[in-house]
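Undergrad: My structure is below; once you've seen it, I'll send some questions.
A short reminder: the numbers here are calculations on the coordinates, not readings from a lab. This structure is a prediction, so every number in the text was calculated from the model and none was measured. Cβ sites come from the backbone with ideal geometry, for glycine too, and all protein chains shown count toward neighbours.
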Amino acid sequence: MSSDFPWLTALIVLPLVGAAVLWLLPAGARRHTRTVALAFTLAEVALGVGALLAFDTATAGKHQLLETHQWIPSLGVSYAVGVDGVGLALILMSVVLVPLVVLAAWREQGSEGDPSDRLRHFLALALVLEAFIVAVFAARDVFFFYVLFEAMLIPVYFMIGAFGGAQRRYAAIKFLIYSLTGGLIMLVAVIALYLQGPGGPDGFLTDNLTNLAIDPTLEKWLFAGFFLAFAIKAPMFPVHTWLPDAAQNATPGTSVLLVGVLDKVGTFGMLTLCLPLFPAASRWAAPFVIVLAIISIIYGALLAIGQKDLMRLIAYTSVSHFGFIVLGIFAFTSTSVAGSSFYMVNHGLSTGALFLIAGFLVARRGSQDIADFGGLQKVVPVIAGTFLVAGLSALSLPGLSTFVSEFLVLVGTFARHPAAAIVASLGVVLAAIYVLWTYQRIFTGPVRDGLETMPDMRNRERWAVAPLLLAMLVLGFVPGPALDLVRPPASVTLEQVGVTDLPASAAEGSNP
Amino acid sequence: MTFTAPHVDWAHLSPVLIVLGAAAVSVLLEAFVPARRRRTVQLAFSAAALAGAIVAVAALWSGVKSSGGVRVLGTSLIVDGPTLVLQGTIALLALISLLIIADRTSTGEDAFAPSAASVPGSDYEELARRQGLAQTEVYPLVLFATGGMLIFPATGDLLTLFVALEVLSLPLYLLTGMARRRRLLSQEAAMKYFLLGAFASALMLFGIALVYGYAGSLSYADIATATQNPTGLDTLLLVGAVMVLAGLLFKIGAVPFHAWTPDVYQGAPTPITGFMAACTKVAAFGALLRVVYTVIPGLQWDLDVVMWTVTILTMVVGTVIAMVQTDMKRLLAYSSVAHAGFILTGVVALDAAGVSAVLFYLLVYGAATIGAFGVVWLVRERDADGVILGEATHLSQWAGIGRRHPWHAGAFALFLFSFAGIPLTAGFVGKFGVFSAAVDGGAWPLALLGVLASAGAAFFYVRIVVLMFFSDAPADEAPAAAAAPEETDVAVGGGTSPAVATLVAEKAPALTTTVVGTEGFAAVAIGLCALTTIVLGVFPTPVLDVISHMSTFLP
């Protein structure tokens, strides 16, 4: 296809069309709900691959596939999309996860042709969310980014509130209020930032708002406004408390999209908005942010060890992992920033797999309580094996892709803040405890009464999980192509922040 | 002594003249058209009048755009850009409201008492109901009120301002007292509204006298000149200006002049509540904008304290009290108080961006408000025998209606999201406009407080969405009845205290909640409001452009 093809717009529009088709599906065709949804999400993956081919990896640090059109000129708002390596990697990760969620959502939402028709609404909402997510990773206009940042709350809110577990209403409201509060404070910062910029009909373009000469005090406030919103979304200590509730009460499919993809918008925003827009304030705030990140790493891991609920446990491991990502971003070395970017992708794959497999277990047992499981290794060996692989990826076992990214983050951080890197390494140890201990409690020992007949993984479920495990292995052994995508943007980011890179030569040499 | 007839520019008065003239003719129609055809004739005639006003505004548009504005009747009325935008908005919103006011729903009954003069609970009232009487005087009353609203933002001197205020208020007092159900509550609301309104009018009149004493003129232009460099009689002027502002803020429903809002919004017939909440607010904000921008800019330093205090109080009090409401109409009333606060942040900004932001906000807020009250009016109680009763306004009665009536609940959720300012709804663009005007005008603390209040407000809007979509309908349980007010067709109840409601509930028959069908008018109106909310949320540019070219006041 020609290089002018609007890849990103197509990626945004296709899921929306899919959602509309699902909602308008005539009663007779509703038996095919899942097939239709799957077809759209797979077509989206194909489009994503097309975008990757159209993307020039040699200049991954530059934003490409750009499209800019005026949207609300009187407010200075444009429809502007474009991706650098990081944005593209995250978009690819997102579009790969959605079809797997569609596959996995077989049971939990009621079967096809169910009179309540819940599955159709769920999948349509997931497609709407997919469109917003792709758009938010591609947005090159601060206002457009903000609009998507807020608008995507609505589908998630309905996905949690209408399809979740016992406390779903509480969880949905808590999620929405936390996110809205952060978002609205960010809105004031967005407005104030615009007023500092050149204004005019495209005054909100990210490119027009970088390199502004902002009063240092104001810059710190604006940074704080943006950072708070992203920290809530990410989520970081101490504004993480909505996530465990949301993950516990949402369906596994929702959790995959929420934790695996949506929360990346927080760290992605720190990387692509906070740092370039407010370089001086970012440098000023870095020590404080790093301390928060380390607290998140340790605190999230400790709480994960203490959880009785499987879904809450996975949510807390994510708090810990997001700590690593933020640590890498604010350590300001090209190795650590590239590591964090790569970590965002890997965390999506790893957590996605964990939530999906945990979802299979929960659906079979009817309980999320870890104490209700035991000895399942003999009964469901395939589930046990895949869970172990996904769990090992969470503790960053060498050979799996998460190891590469976590290692890069730690090595990169060590170059600038040795103490921080050493404390953060404790998180790796704690990760080993929560993963292996959970595995032990669920899968080893004598088989619990009533669990002897638990069916093992079905073909559909295997198809949902296999691509994730495969991707983790491939990216673990051959991380080169992925790193080619995220390294150049990391260097660009450092230039924008205005810090000199500290070489982490050890990291370069020891890449597997 | 000779009398020189003033030159009257009739053309520029046409929107006002059409509506007020139609109102006068409408009274005659009441007298001469046979009873059974009266409703049809009145409805068609009123709708045509309001549509005519919109056409008249459109016809004046390009002339005013190029000339900047015209003074009519001496300096009594000013037809400039903001006037036309506001008149167009008011006429449009009134037309949409009229459709809901006219709708008799599938129950065959409109929202008004069959004979407003009958004593509630009397034999006569029952007779009137059985005879199928209808109080078609509603139509001329709405037209008169709309006429007053059209004048209100166009006024060029304080006396005309006061007269317009009375013209728009008096019909509203009457309309408030005409509800078909819960008539005592409705009449009580009308009485409260009238007394408090009269009090506010008196305050304003006294303020006008004081300002006149200072400036020696009632005309805005003269007062503005006199207040450029206030010296000497400062106190007189300040007190006068504050009292005039108080009169306007009363109509807006700003704290501390908001006390009437919840009672009146709750007691009035719901279609009238929508009309009043949307159109009155547009008109009153129009008048306030003109006064603040063209009459008292010289007093900015002195009055900033007053305006900031009122704005902050309005946002905070409206939001906080709305959080604990259990009645849908009262909740929307407090939410309208909070929105008055949000709009005030744009007024306080005192720049051109502020004017156009406020004008846009008024349009989108009005559309969402009329739509929301339209839906409230269709959600009804149904007793064990399947007889449709009054509106189910207790929040618990809304549980689960999203499952059974997805379209109504969906539209209502859309309006709530717009109120909450979620992006891609018109409310977001409106909020963005006023807050960015406030930040630009140096009032960033107000904007910050505004967004925090918005987050708080989102809490109770979202709670309703949760209730509609995620809660199960109380099919076998009694919670619907637990809160259902005591009510029969002749509605003797006025008691709103929870204790009374609970006492009665134990004996009350189980009521279920249902959504009644419309004759089509209300459905069209709600659909229009929903369409406006979405279109202005996604593609606001044309309207924003149009408004920003018309946002300069004639000094």
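Undergrad: Modelled label-to-label distance, A:Tyr170 and B:Thr326, 7 Å Cα→beta-carbon offset: nm?
TA: Placing both labels 7 Å along Cα→Cβ, they lie 2.1 nm apart.
Undergrad: Right, something else. Which listed residue (A:Pro216, A:Ile177, A:His121) has the Cα farthest towards the positive end of the charge dipole for chain A, taking +1 on Lys and Arg C-beta and -1 on Asp and Glu C-beta about the Cα centre?
TA: Going by the charge dipole, the pick is A:His121.
Undergrad: If you don't mind, another one. Ignore the peptide's own chain and count Cβ atoms of other chains within 10 Å of each Cβ in A:176-187; give me the average, rounded.
TA: Per residue, the number of nearby Cβ atoms from other chains is 6 on average.
Undergrad: Please sort B:200-213, B:71-84 by packing, taking for each peptide the average over its residues of neighbouring beta carbons within 10 angstrom, highest first.
TA: For the peptides B:200-213, B:71-84, the packing ranking is B:71-84, B:200-213.
Undergrad: Quick one, could you list the DSSP H helices from chain B stretching 24 Å or more along their long axis (Cα atoms) with average Kyte-Doolittle hydropathy of 1.6 or above?
TA: B:10-32, B:81-102, B:158-176, B:234-252, B:352-378, B:444-470, B:521-538
Undergrad: Further question on the same structure: Output ³J(HN,Hα) for the range A:398-412: one whole-Hz value per residue in order, computed from phi by the Karplus curve 6.51 cos²θ - 1.76 cosθ + 1.60 with θ = phi - 60°, and x for Gly and Pro.
TA: So the Karplus estimates, Gly and Pro as x, are x, x, 9, 5, 4, 4, 4, 5, 5, 4, 4, 4, 5, 5, x Hz.
Undergrad: Enumerate the amide H contacts of A:Gln70 below 5 Å, restricted to partners 5 or more residues apart or on another chain; note that Pro and chain-start residues carry no placed amide H.
TA: HN-HN under 5 Å from A:Gln70: A:Tyr79.
Undergrad: Using the per-residue mean of other Cβ atoms lying within 10 Å as a proxy for protection, in what order, highest first, do the peptides A:445-455, B:37-47 fall?
TA: Put in order of decreasing packing, that is B:37-47, A:445-455.
Undergrad: Sorted by packing (mean other beta-carbon atoms within 10 Å per residue), highest first, where do A:253-261, A:150-158 land? Please list the in-between numbers first.
TA: Numbers: A:253-261: 28.3, A:150-158: 23.0.
Highest-to-lowest ranking by the protection proxy: A:253-261, A:150-158.
Undergrad: Next question, about the same structure. With a ≥ b ≥ c taken as the square roots of the eigenvalues of the C-alpha gyration tensor of chain B, please select rounded if a/c is under 1.5 and otherwise prolate if a/b is larger than b/c or oblate if it is not?
TA: Because a/c hits 1.5 or more and a/b exceeds b/c, chain B counts as prolate.
Undergrad: When the helix-only estimate is applied to chain B (DSSP H runs of n ≥ 4, each -39,500 (n - 2.57), divided by the residue count), what is the mean residue ellipticity at 222 nm, nearest 500 deg cm²/dmol?
TA: Value at 222 nm, helices only, nearest 500: -22500 deg cm²/dmol.
Undergrad: For B:Val55, put the label point 7 Å out on the Cα→Cβ axis and report which residues of the range B:521-555 keep their amide N under 17 Å from it.
TA: none
Undergrad: Would you mind working out the magnitude of the charge dipole of the protein assembly as shown relative to its Cα centre, with +1 at each Lys and Arg C-beta and -1 at each Asp and Glu C-beta, to the nearest 20 Debye?
TA: 1360
Undergrad: Distance in nm between label sites at B:Asp545 and B:His7, each 7 Å beyond Cα in the beta-carbon direction?
TA: Output for this residue pair reads 3.5 nm.
Undergrad: Here's another thing I want to ask about it. If you stretched the chain out fully between A:Glu495 and A:Leu24, how much longer would it get, using 0.36 nm times the residue separation minus the C-alpha to C-alpha distance?
TA: Full-extension gain reported as 164.7 nm.
Undergrad: Please report, in debye to the nearest 20, how large the charge dipole of chain A is about its Cα centre when each Lys and Arg carries +1 at its beta carbon and each Asp and Glu carries -1 there.
TA: Dipole size: approximately 1200 debye.
Undergrad: FRET efficiency for B:Leu28 and A:Thr68, Cβ-Cβ distance as r, R0 = 41 Å, nearest 0.05?
TA: Working from the Cβ atoms, E equals 0.10.
Undergrad: For the range B:145-162, list residues with backbone N below 20 Å from a point placed 7 Å from the Cα of B:Ser217 toward its Cβ?
TA: B:154-162
Undergrad: Right, next: Long-range amide H contacts for B:Leu77: which residues qualify at under 5 Å (H placed 1.01 Å from N, peptide plane, sequence gap of 5 or more or a different chain)?
TA: Amide H neighbours of B:Leu77: B:Val72, B:Gly156.
Undergrad: Quantify how strongly other chains surround peptide A:70-77 by giving the mean number of their Cβ atoms within 10 Å of each of its Cβ atoms.
TA: Details: counts 1, 4, 8, 3, 14, 10, 1, 4.
Counting other chains' Cβ atoms within 10 Å and averaging over A:70-77 gives 6.
Undergrad: Still on this structure, please answer the following. Can you give the FRET efficiency to the nearest 0.05 for A:Thr35 and B:Ser106, using r as the Cβ-Cβ distance and R₀ = 41 Å?
TA: On the way: r = 40 Å, r/R0 = 0.97.
After rounding to 0.05, the efficiency reads 0.55.
Undergrad: Could you tell me which of B:Ser551, B:Tyr212, B:Ala457 has its Cα farthest along the dipole of chain B towards the positive end, charges placed at Cβ (Lys, Arg +1; Asp, Glu -1), taken about the Cα centre?
TA: With unit charges placed on the Cβ atoms, the residue in question is B:Ser551.
Undergrad: Next question, about the same structure. Would you mind checking which residues have amide H under 5 Å from A:Gln64's amide H? H placed 1.01 Å from N; only 5 or more apart, or other chain.
TA: A:Val83, A:Asp84
Undergrad: Starting from 0.36 nm per residue, how many nanometres of slack lie between A:Thr444 and A:Thr59 once their C-alpha separation is accounted for?
TA: Full extension of this stretch gives 133.7 nm more.
Undergrad: Cα to Cα, under 12 Å, and not fewer than 8 places away if on the same chain: which aspartates and glutamates meet these conditions relative to A:Lys174?
TA: Within the straight-line cut-off, A:Lys174 pairs with A:Asp245.
Undergrad: Moving on to the next point. Using Cα-only point scatterers and the Debye equation, what is log10 of I(q)/I(0) for the range A:280-512 at each q in 0.07, 0.13, 0.16 Å⁻¹, rounded to two decimals?
TA: Listed by q, the Debye log ratios stand at -0.24, -0.75, -1.03.
Undergrad: If you take the square roots of the eigenvalues of the alpha-carbon gyration tensor of the range B:79-204 and sort them as a ≥ b ≥ c, do you get rounded (a/c under 1.5), prolate (a/b over b/c) or oblate?
TA: oblate
Undergrad: Then there's this: Compute the FRET efficiency between A:Trp463 and A:Thr210 as 1/(1 + (r/R0)^6), taking r as their Cβ-Cβ distance and R0 = 45 Å, and round to the nearest 0.05. Each step should come with its number before you reach the end.
TA: Values: r = 43 Å, r/R0 = 0.96.
Efficiency computed from Cβ-Cβ geometry: 0.55.
Undergrad: Still on this model: Per residue of the range A:254-260, in order, report the coupling 6.51 cos²θ - 1.76 cosθ + 1.60 (Karplus, θ = phi - 60°) as ³J(HN,Hα) in whole Hz, putting x for Gly and Pro.
TA: Coupling constants for the range A:254-260: 4, 4, 4, 5, 5, 7, x Hz.
Undergrad: Got a sec to turn the phi values of the range B:389-404 into Karplus ³J(HN,Hα) couplings, 6.51 cos²θ - 1.76 cosθ + 1.60 with θ = phi - 60°, whole Hz, x for Gly and Pro?
TA: Using θ = phi - 60°, the values come out as 9, x, 5, 8, 9, 6, 4, 5, 6, 8, 4, x, 5, x, 6, 8 Hz.
Undergrad: Note down, for the protein assembly as shown, the three equivalent ellipsoid semi-axes (square root of 5 times each alpha carbon gyration tensor eigenvalue), biggest first, whole angstrom.
TA: Each semi-axis is √(5λ); the values are 56, 35, 24 Å.
Undergrad: Specify the longest stretch of chain B that does not include any exposed loop site, a site being one of the GluC sites (Glu not before Pro) with a non-H, G, I, E, B DSSP assignment and at most 15 other Cβ atoms within 10 Å.
TA: With a cap of 15 other Cβ atoms within 10 Å, the longest stretch comes to B:1-476.
Undergrad: Right, something else. In nm, to one decimal, how far is the modelled label at B:Leu195 from the one at B:Thr552, with both set 7 Å along Cα→Cβ?
TA: My value for the distance between the label points is 4.9 nm.
Undergrad: Can you compute the charge dipole magnitude of the range A:280-512 about its Cα centre, using +1 on each Lys and Arg Cβ and -1 on each Asp and Glu Cβ, nothing else charged? Give it in debye, rounded to the nearest 20.
TA: With only Lys, Arg, Asp and Glu charged at Cβ, the dipole is about 320 debye.
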